[in-house]
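Following: one structure in structure tokens, then a few remarks.
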Amino acid sequence: MSELPEHVATNRAYWDAMAADWVERGRRNWAATQMSWGTWAVPQAELPLLPDEVAGLDVIELGCGTAYF
């Protein structure tokens with residue numbers, strides 16, 4: 001396996017070091033009864049970014065946060 005480019009290794013090391021800081025936020029989000037968006041936790045009801053029903057649709061998880069959506 002080849003070595004990662006320096007900028008990728010630096011980025012990975014940064015996020016690996018920060019990972020523990022996101023555990024509690026992830027737990028809160030997964031336990032919540034309503035989804036919220038972003039740093040300011042705007043409720044889905046106020047900022048409806050997802051349709052009410054996604055069954056049968058193609059969706060993508062962009063890998064941001066703990067992917068609790």
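Of the residues contained in region 10-30, one or more are found to be open to solvent by less than 90 Å² (accessible area, probe 1.4 Å) and touching a residue at least 12 places away in the same chain (Cβ under 8 Å).
Scanning for something of a type in the set (D, E, K, R), open to solvent by 70 Å² or more (accessible area, probe 1.4 Å) and part of a helix (DSSP H, G or I), does region 47-61 turn up at least one residue? Scanning region 47-61 turns up no residue that is of a type in the set (D, E, K, R), open to solvent by 70 Å² or more (accessible area, probe 1.4 Å) and part of a helix (DSSP H, G or I).
Yes or no, residue by residue, for (1) under 14 Å from THR66 (Cβ atoms); (2) at pLDDT below 90:
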| site | (1), (2) |
| --- | --- |
| GLU3 | no, no |
| THR10 | no, no |
| ALA20 | yes, yes |
| ARG25 | yes, yes |
| TRP30 | yes, yes |
| TRP37 | yes, yes |
| TRP40 | no, yes |
| GLU46 | no, no |
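The values are calculated or read from the model by the stated rules, or taken from the named source; none is laboratory data. This structure is a prediction, so every number in the text was calculated from the model and none was measured. Every residue, glycine among them, receives a Cβ derived from its backbone with ideal geometry; neighbour counts consider all protein chains shown. Heads up: the accessible areas ignore ligands, DNA and RNA and are worked out on the full protein's heavy atoms, side chains in. Shrake-Rupley method; radii C 1.70, N 1.55, O 1.52, S 1.80 Å.
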